[in-house]
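Here the structure is laid out as C-alpha cells; the discussion comes afterwards.
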Amino acid sequence: MNPVFLTYAGPPLIGAFIGYLTNKIAIKMLFRPLKPWRVLGLRLPMTPGVIPAKRHELAENIGIMVGEHLLTARDIGTALSMEPFQDHLHSLVEERVSLVLTSDLGSLVSLVPEKFRPYAKVGLRTLKYKLKDGLRSYFAGNSFKDLFAAAVSEHLAQYGRKELNSLISRNDRLRFYNFFDSLLERLLQSERLEEHLARYIENYMQEAALEGRPVGDLLPEPFIELLLQILKEQTPGLVERLAAMIGDPKIRGRIIQAVLDGIDHFLSNLGPMAAMAKGFIDRDDLDTKIRDYLVDHEEELEAWLQSDEVQREFARILVQQARKLLRTPVGDILARLDDQQLAGIYHALAEQLLAVLKTRGAVEALSLLLRESLEDMFGQGRLAMEEITGRLFPDAQGVEIKKTIIRELTVALQSTQSRRLIGRLVDRMVDTLAERPLGILARLMPVGIQKGIADYIVLNANKMLLHEVPGLVKSLNISRLVTDKVDSLDLLRLEGLLLSIMEEQFKYINLFGAILGFLIGLINLALLQL
C-alpha cells in the first residue's frame, strides 16, 4: 500500500472510525447492559446502561410530559369539540337509537338483565308506594281541595251555559219519561203504598187538628164551590126520592116513630105537667091517626115536597149545613171518633184515592201532566241549564246545592274507599306498564321525534363531556398511568420502542461521530505537518 496514502489518509480515517465506533458504543450503552456487571464484588461503572439504571426517572418524566403538557384536559376538550369527533359521535348515537327503536322490544321487566330483575321488582314496588303515598297526600291537602272545587265550579258553569237539548236530547228525555211511567205504575201497584198513603193522611189530619184548621181549609176553594153547586143541582132529585120514600111502609113507620119520639121528648120537658099531658094522649091512637093521614094525603105530600119553594128551601138548608160542616174544626170531628174508626176512615180514603189513581186514565193523565209540566219548565229544551236550575232551586238553594255537590265529591275522593281504589289503580297501572310489550317504538314515533332524540342525546353527551373532562382527566391521573405503564415495560421492549422512534436519529449521530473524528484526524495531520 502506498505509504503516502497511509500517511495522509490514515489519521482522518482512523479518527472517523473512532468517532463512529465511540458514538455507536455510547448509544448502545444507553440500553446495555441490562443489569449491573460486577468484578470481584464491585459494580463496574456505567453498568447497567443509562436507561435501565434511570428507567423509573425516565418513566416519571415521560408521564409528566404526557399528562401535563401533551394530553391536558383542555387539549382533550378541544379534540372532543372538533368536527371529526362530533360527526362520529352523532353517527354512533343515531345508529344506537335507530337500533333500539327498530327492535321489537319486550316488556320493561324483560329488558332488565336476569341478575338485576329482583332489584327491578323492588324498584317497581317502591315506585308503587311512592305514587300511592304522593297521590294520597295530595288528595288530603288543601291545595287539592281548592283546585278540585275550582275545577268542578268551572265545569258546572260550562254546563250551565249549555242548552238542555245539547246535553239531553228530546228522545233521551222521552226515554226518561217512559222509565218514570213504568216506575209510577210499579209504585201504584205496591202493596205498601196504601199503608203509606193512609199514614200520610193520618199525619196530615193530626197536624190540621193541632193547628185548629177547619175542614174547609183541607179542600181547595174550587172543589168546595163545586161541592155546593152539586148539592144545589141534586136537590130536586133528592126531594123526589124523599117523596117516593114516604109511600114505602117501612119509611113511613120510621117517620111516624120519629114524630112520636119527638112528642115524647117535648112532653118530658114539661116538668110536672108531663104526666098529666101524657095521660091525655093515646100513643096508639096518635100512631093510627098519623099513619092514616100520611096514607090519605100521600099525593099532597109528594106534590108539596116537589114544589119549587120546598126544593129551594131544602137546597138552602143543605148548603147551610154543608158550610157549617166546612167551618167545623178538624179536631172537633176527630174527637167524635175513636182510633179504630179513624183508622178505617184513613184506609178507606187511601183505598179510594188509589183506586182512582190506578185506573189507566189516571196514570196516563199523570204521565202526560208530568211530561208537559217538565217540558214547559225546560222551555222545550231550549233553556240553559243554569236557568232550569234556577227555576228548580231558586234563590240561595242553587248555591247551597253547588257547595254540597263539591263538598260531597271532595269527601268521596278523600274517603278510605277512594284511597284503596286509587292504590289498586296505581298497582294495576304500574304492573300493566311493566308487563306490556313495548314493541317497535319506531312505528309509534315520527321520524322527526326519532331524530330529536338522537340530537338530544348528542347535545347532553357533549355538555357532559365538556363539563366533566377536567374532572375525568384529573381522576384518571394520566401522568401516573403513563409512568406506571412505561415503568412496567420489559427493558428489551422499551429499547425496541425507543429505537423504533429514534433509530434514524441514532444513525445520523453515528455518522456525525465519524465525520467529527475524520475532521479531528485532518486537524491532527495538519498540526503534525507544521
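The values are calculated or read from the model by the stated rules, or taken from the named source; none is laboratory data. Computed from a prediction, not measured in an experiment: that's the story for all the values here. Note: ideal-geometry Cβ built from the backbone for every residue, glycine included; neighbour counts use all protein chains shown. These area figures cover heavy atoms from the full protein model, side chains too; ligands, DNA and RNA do not enter into them. Shrake-Rupley method; radii C 1.70, N 1.55, O 1.52, S 1.80 Å.
Filter region 125-148 for residues that are open to solvent by less than 60 Å² (accessible area, probe 1.4 Å) and at pLDDT below 85 and give the result.
Going residue by residue through region 125-148, those that are open to solvent by less than 60 Å² (accessible area, probe 1.4 Å) are 128, 132, 134, 139, 141, 144, 148.
139, 141, 144, 148 - these are the residues of region 125-148 that are open to solvent by less than 60 Å² (accessible area, probe 1.4 Å) and at pLDDT below 85.
Taking the residues in region 387-396 that are touching a residue at least 12 places away in the same chain (Cβ under 8 Å) and surrounded by 15 or more Cβ atoms within 10 Å (Cβ to Cβ) as candidates, determine which candidate is nearest to residue 157 (Cα to Cα). Step through it out loud before you land on a result.
Filtering region 387-396 for residues touching a residue at least 12 places away in the same chain (Cβ under 8 Å) gives 388-389, 391-392.
Okay, now just the ones that are also surrounded by 15 or more Cβ atoms within 10 Å (Cβ to Cβ), so 388-389.
Values: 388: 13, 389: 12 Å.
The extreme case among them is 389.
Would you say residue 459 is without any contact (Cβ under 8 Å) to a residue 40 or more places away in the chain and not β-branched (Val, Ile, Thr)?
Working: without any contact (Cβ under 8 Å) to a residue 40 or more places away in the chain: yes; not β-branched (Val, Ile, Thr): yes.
In short, yes.
Out of curiosity, is residue 322 in contact (Cβ under 8 Å) with a residue 60 or more places away in the chain, touching a helix residue (DSSP H, G or I) at 6+ places or on another chain (Cβ under 9 Å), in a helix (DSSP H, G or I) and more than 17 Å from residue 227 (Cβ to Cβ)? Spell out how you get there, then give the answer.
On the way: in contact (Cβ under 8 Å) with a residue 60 or more places away in the chain: yes; touching a helix residue (DSSP H, G or I) at 6+ places or on another chain (Cβ under 9 Å): yes; in a helix (DSSP H, G or I): yes; more than 17 Å from residue 227 (Cβ to Cβ): no.
In short, no.
If you check residue 108 against the conditions, is it closer than 30 Å to residue 452 by Cα and open to solvent by 80 Å² or more (accessible area, probe 1.4 Å)? Write out each step before concluding.
Working: closer than 30 Å to residue 452 by Cα: yes; open to solvent by 80 Å² or more (accessible area, probe 1.4 Å): yes.
In short, yes.
Need the failing condition index for residue 99 against (1) among the aliphatic types (A, V, I, L, M); (2) open to solvent by less than 80 Å² (accessible area, probe 1.4 Å); (3) farther than 30 Å from residue 400 by Cα, just the number.
Condition not satisfied by residue 99: (2).
If a residue has to be open to solvent by 50 Å² or more (accessible area, probe 1.4 Å) and acidic (Asp, Glu) to count, how many in region 374-386 make the cut? Full working, then the answer.
Filtering region 374-386 down to residues open to solvent by 50 Å² or more (accessible area, probe 1.4 Å) leaves 376-377, 380, 382, 385-386.
In the following step, the residues that additionally are acidic (Asp, Glu) were identified as 376, 386.
So the count comes out to 2.
Anything in region 172-195 that is open to solvent by 100 Å² or more (accessible area, probe 1.4 Å) and either over 15 Å from residue 353 (Cα atoms) or in a helix (DSSP H, G or I) (or both)? List them, or say none.
We begin by selecting, within region 172-195, every residue open to solvent by 100 Å² or more (accessible area, probe 1.4 Å); these are 175-176, 179, 186, 189, 191-192.
Once the filter is applied, which keeps residues that are open to solvent by 100 Å² or more (accessible area, probe 1.4 Å) and either over 15 Å from residue 353 (Cα atoms) or in a helix (DSSP H, G or I) (or both), region 172-195 yields 175, 176, 179, 186.
Check 476, 499, 522, 491 and return the single one that is over 30 Å from residue 79 (Cα atoms) and at pLDDT below 70. Even if it seems obvious, please write down each step before you answer.
Details: 476 fails: over 30 Å from residue 79 (Cα atoms); 499 fails: over 30 Å from residue 79 (Cα atoms); 522 fails: at pLDDT below 70.
Result of the check over 476, 499, 522, 491: 491.
Per-residue answers, yes or no, for (1) among the small types (Gly, Ala, Ser); (2) modelled with pLDDT of 85 or more; (3) exposed (fewer than 14 other Cβ atoms within 10 Å of the Cβ); (4) closer than 23 Å to residue 122 by Cβ:
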site: 421; (1), (2), (3), (4): no, yes, yes, no
site: 428; (1), (2), (3), (4): no, yes, yes, yes
site: 432; (1), (2), (3), (4): no, yes, yes, yes
site: 438; (1), (2), (3), (4): no, no, no, yes
site: 441; (1), (2), (3), (4): no, no, no, no
site: 452; (1), (2), (3), (4): yes, yes, yes, no
site: 456; (1), (2), (3), (4): no, yes, yes, no
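Please list, ordered by first then second residue, the pairs with beta carbon atoms under 7 Å, 6 or more apart or interchain, first in region 115-136 and within 19 Å of residue 421 (Cα to Cα), second open to solvent by 80 Å² or more (accessible area, probe 1.4 Å) and part of a helix (DSSP H, G or I).
Final answer for the pair search is 136/419.
Does any residue of region 369-383 turn out to be hydroxyl-bearing (Ser, Thr, Tyr) and free of Cβ contacts under 8 Å to residues at least 12 places away in the same chain? Please lay out each step first, then the result.
First, pick out the residues of region 369-383 that are hydroxyl-bearing (Ser, Thr, Tyr): 373.
If we keep only those that are free of Cβ contacts under 8 Å to residues at least 12 places away in the same chain too, we end up with 373.
So far as region 369-383 goes, yes, one or more of its residues are hydroxyl-bearing (Ser, Thr, Tyr) and free of Cβ contacts under 8 Å to residues at least 12 places away in the same chain.
Report yes if residue 363 is over 22 Å from residue 173 (Cα atoms) and either in a helix (DSSP H, G or I) or at pLDDT 80 or above (or both), otherwise no.
No, not satisfied.
Being assigned to a helix (DSSP H, G or I), within 17 Å of residue 144 (Cα to Cα) and of a type in the set (Val, Ile, Thr): is that true of residue 406 here?
Details: assigned to a helix (DSSP H, G or I): yes; within 17 Å of residue 144 (Cα to Cα): yes; of a type in the set (Val, Ile, Thr): yes.
Taking the combined requirement at face value, the residue satisfies it.
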